[in-house]
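The values are calculated or read from the model by the stated rules, or taken from the named source; none is laboratory data. All values reported here derive from a predicted model rather than from experimental measurement. When we count neighbours, we look across all protein chains shown, and the Cβ atoms used for this are built from the backbone with ideal geometry, even at glycine.
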Amino acid sequence: MIWRLSAGLSTPLLPLWAGLSAVHPRLRGDWRERWGLSVAQVAPGVIWVHAASLGEVGAAEALVRALPGEVLLTVDTDTGAALARRLFAGSRVAVAVRPVDHPWTLAPLWAQARPRALVFVENTWWPQLARRAAEHGAPAVRVSVRVRQGTAPRPYLLRVGGAALHITQGRADAARLRAMGLEAVVGGDLKGDRPLPPSPLRWSRPFVVGASTREGDEGALLEALSALPPGTALLLAPRHRERWERVAALIQASGRPWARRSRLSGAQVPDEVEVLLLDSLGELAGCLRGAGAAFIGGTFDPALGGHSPSEAGRAGVPVVVGPHATANAEALARLPHRIAASREALGDQLAAALAGPRPAPWTSGAVRHTLEALTPFLGGPPAPEAPPRPWAAPLVGPYRLGAAVDLRVRGHAPHRAGVPVISVGSEDARGPGKTSTVRWWAAALRARGHTAGVALRGYRRQGRGLACSWEGARAAGLGDEGELHRRDGSLVAACGDRRRAVRALEAAGATVILLDDGLGAREVARDLELVVVDAQRRGARGPLPAGERRPLEALARAADGIVAHRGPLSAPIPVVEARRREGPWHLGDRVVPAPEGPVAAFAGVGQPGDFFRALTLGRSRALPDHGVVPAELLRWADGLPLVCTAKDRVRLPPELADLVYWRDVIVEIEGVPEWWLPGVAGR
């Protein structure tokens, strides 16, 4: 109840919130994703993993790679998202920025993903997202959880309530949660299993690292340099970017030769540099490689208890902490380490660590333990279908009323053609596979000696009158789908009034006519009614305008047969399954080998995820269905091969026509009853 109340109270503030984030320097880059206007194109039934920022992404890396099936990884910050996209480029992991934690903004991504489970990393928690998971039967689990000693139960319960299980970093964390009446098991610190990246730096002298330093740590480390062997350098990595300038001023005041990581001309650290400020994000783990010792920041502050030493342990680096390393006590107990009782003693302890033996690289085994605890929650079905636009629910009734009036008008005295007419349509307004089904049917009819004609409305085409392929009309007049039919060899007529289009096709010599998206085109009588159904979204995510299901239920129930895409389907009427495969690659009009390496893919189709998932993606962009393809996509690709679908190819601007790779989706349908193909056998 409290989460519904908080959502209701925040709803009037959404426009102001959205406006402020649009001008915020760190939020505007991913603005569309944050507000649910652009969503990751994933298949229903993913495992949704949420990590707050850089640290949580690093902790999640090894676990995400070990999870079965497709994974959606969402992140709160732009820097965390940039790291995640770099780590998982070209993999089965889709990366996105988490939408604002409100039911309306979360709905589009939830409706697309329909996760089978929701996994929060470390202490990340978003109540509206967790509540949605609970309402839809998707278990929410927290992994690598830490609980600070002395946390008050009531506020903490308010924050974590709703998770099915808490998989903690240590035994003490699990005990505190159990004392609050929550389910908890020990999994370990996931950072201890993180694959360490290569170091982005090259040093010509020994160095020590101040890792995730907090206020006061940098000054103590600068003083400690005097106690270290001559020639030892210091890498300072402040925990928060907001402190970079203050730390830079502190280093400058020390009088030691120093530099910023961001201003190095390459990876080599100049010989004269004694102190290097790591003013970059996501590089600390790699920078620990080769260090002589590492001080873990925040361990002089009893209120903080320090940060995780696991990455230093993974690199085999001797660890030094202050006297208050309580937040990661169990992980620290497994690592050889030294304790500096005070800031003044830090230099002596770092010197001893440099002189002592180097420990073997350490691994926590947390991924294995966490995965064992997670597995029972990962085998469920995808969450039920849900509307992506819940705010539009009050408009469903008026929309259905208007559609009913339109259908009654269209169905009055329908035109009866002199040749067989086959309607291929769907209740689903968003790309269930209607056009690819019509293309297969037209090819099958042409193979039997028919002259196939296709009548369609022609979405987003130029002009509103009748356009005919045999009179020279192309993509601009026929629409992108009409142009695909024309290139296949069919006669094509595009018109809002399908009667005119059918009459024109008859006059042009068509011996059978296909109505593309014809379920609601009742102005034309049909001899065969086929309905296309997306087996993964049978309900089309709810009724329009909240979802994509058009009010054509009665017509669909009276159809002669169903063509099922994206999986098998059972129904009381005959069903055939359409199987998809990728066609050859083209560059312009030439058949070419597949582009090498990661690609920059764009798609303006109803289900762009089908296209994206078959590629090794460097970056991807979903365009509006039937929309204009912008010429600036070449700049957006940033040197990667630019690829698109066959449907997008017919809309390419001239300057991109010979520069974009494309391939078609080929549909194969088996087991079609003979009476579904005119001229072969009577019904």
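General remarks:
- The single residue among ALA59, ALA82, ALA66 that is surrounded by fewer than 22 Cβ atoms within 10 Å (Cβ to Cβ) and over 17 Å from ALA600 (Cα atoms) turns out to be ALA66.
- The condition (being within 35 Å of the chain's Cα centre (by Cα) and surrounded by fewer than 17 Cβ atoms within 10 Å (Cβ to Cβ)) is satisfied by just one residue among ARG464, ARG448, ARG460: ARG460.
- GLY356 falls short of the stated requirement of being farther than 30 Å from ARG146 by Cβ, without any contact (Cβ under 8 Å) to a residue 60 or more places away in the chain and not β-branched (Val, Ile, Thr).
- Summed over region 485-514, residues that are part of a helix (DSSP H, G or I) and closer than 16 Å to ALA444 by Cα total 4.
- Cβ separations smaller than 7 Å between residues 6+ apart or across chains give the following pairs from region 492-518 residues that are farther than 15 Å from VAL419 by Cα to residues that are among the aliphatic types (A, V, I, L, M) and part of a helix (DSSP H, G or I): VAL492/LEU478; ALA493/ALA501; ALA493/ALA504; ALA493/LEU505; ALA494/LEU478; ALA494/ALA501; CYS495/ALA501; ASP516/VAL438.
- Residues that are under 40 Å from the mean Cα position of the chain (by Cα) and within 24 Å of LEU519 (Cβ to Cβ), drawn from region 467-476: ALA467, SER469
- Among residues of region 431-447 that are in a helix (DSSP H, G or I), those with a Cβ under 7 angstrom from a residue that is among the acidic types (Asp, Glu) and crowded, with 24+ Cβ neighbours inside 10 Å, sequence gap 6+ or separate chain, pair up as LYS434/ASP516; THR435/GLU481; THR435/ASP516; VAL438/ASP516.
- Matching option when the condition is within 30 Å of GLY539 (Cα to Cα), under 39 Å from the mean Cα position of the chain (by Cα) and buried (at least 21 other Cβ atoms within 10 Å of the Cβ), among VAL454, VAL492: VAL454
- Candidate set from region 44-96 (those that are of a type in the set (Val, Ile, Thr) and out of contact with any strand residue (DSSP E or B) (no Cβ under 6 Å at 6 or more places or on another chain)); member that is farthest from PRO197 (Cα to Cα): THR77
- Single residue of ALA303, ALA312, ALA325 found to be free of Cβ contacts under 8 Å to residues at least 12 places away in the same chain and on the phi < 0 side of the Ramachandran plot: ALA303
- Just one of the listed residues (ALA285, ALA267, ALA291) is in contact with a strand residue (DSSP E or B) (Cβ under 7 Å, 6 or more places away or on another chain) and buried (at least 16 other Cβ atoms within 10 Å of the Cβ), and it is ALA291.
- Within region 442-496, being more than 29 Å from GLU668 (Cβ to Cβ) and polar (S, T, N, Q) holds for one residue alone: GLN462.
- Boolean, ARG537 is assigned to a loop (DSSP other than H, G, I, E, B), farther than 26 Å from VAL405 by Cα and assigned by TED's automatic domain parsing to the domain that holds ALA417: yes
- Test: GLY542 is in the same structural domain as LEU656 (by TED's automatic domain parsing) and either more than 30 Å from PRO398 (Cα to Cα) or within 31 Å of the chain's Cα centre (by Cα) (or both): no
- When LEU284, LEU332, LEU264, LEU354 are screened for being over 28 Å from PHE88 (Cα atoms) and modelled with pLDDT under 95, only LEU332 passes.
- So LEU530, is it more than 30 Å from the chain's Cα centre (by Cα), in contact (Cβ under 8 Å) with a residue 60 or more places away in the chain, within 29 Å of GLY45 (Cα to Cα) and not in a helix (DSSP H, G or I): yes
- Of the criteria (1) under 24 Å from PRO678 (Cβ atoms); (2) buried (at least 17 other Cβ atoms within 10 Å of the Cβ), which one GLY418 fails: (2)
- Residue count for region 553-579, restricted to those that are β-branched (Val, Ile, Thr), surrounded by fewer than 17 Cβ atoms within 10 Å (Cβ to Cβ) and either assigned to a strand (DSSP E or B) or on the phi > 0 side of the Ramachandran plot (or both): 0
- Residue count for region 419-432, restricted to those that are closer than 19 Å to GLU548 by Cβ and at pLDDT 95 or above: 5.
- Hits in region 112-141 - residues which are modelled with pLDDT of 95 or more, touching a Leu at 6+ places or on another chain (Cβ under 8 Å) and farther than 13 Å from ALA383 by Cβ: VAL119, VAL121, VAL141
- Members of region 190-245 that are part of a helix (DSSP H, G or I), modelled with pLDDT under 95 and crowded, with 18+ Cβ neighbours inside 10 Å: LEU190, LYS191, GLY192, ASP193
- Residue within region 582-591 that is more than 21 Å from ARG486 (Cα to Cα) and not small (Gly, Ala, Ser) present: no
- Region 579-626 - residue that is among the basic types (Lys, Arg) and under 14 Å from the mean Cα position of the chain (by Cα) and, of those, nearest to ALA637 (Cα to Cα): ARG619
- Flag for THR370 being among the hydroxyl-bearing types (Ser, Thr, Tyr), touching a residue at least 40 places away in the same chain (Cβ under 8 Å) and part of a helix (DSSP H, G or I): yes
- Single unsatisfied condition, PRO388 versus (1) in contact (Cβ under 8 Å) with a residue 40 or more places away in the chain; (2) of a type outside the set (Gly, Ala, Ser); (3) in contact with a strand residue (DSSP E or B) (Cβ under 8 Å, 6 or more places away or on another chain); (4) buried (at least 20 other Cβ atoms within 10 Å of the Cβ): (3)
- For region 211-219, the count of residues that are among the β-branched types (Val, Ile, Thr) and in the same structural domain as VAL119 (by TED's automatic domain parsing) is zero.
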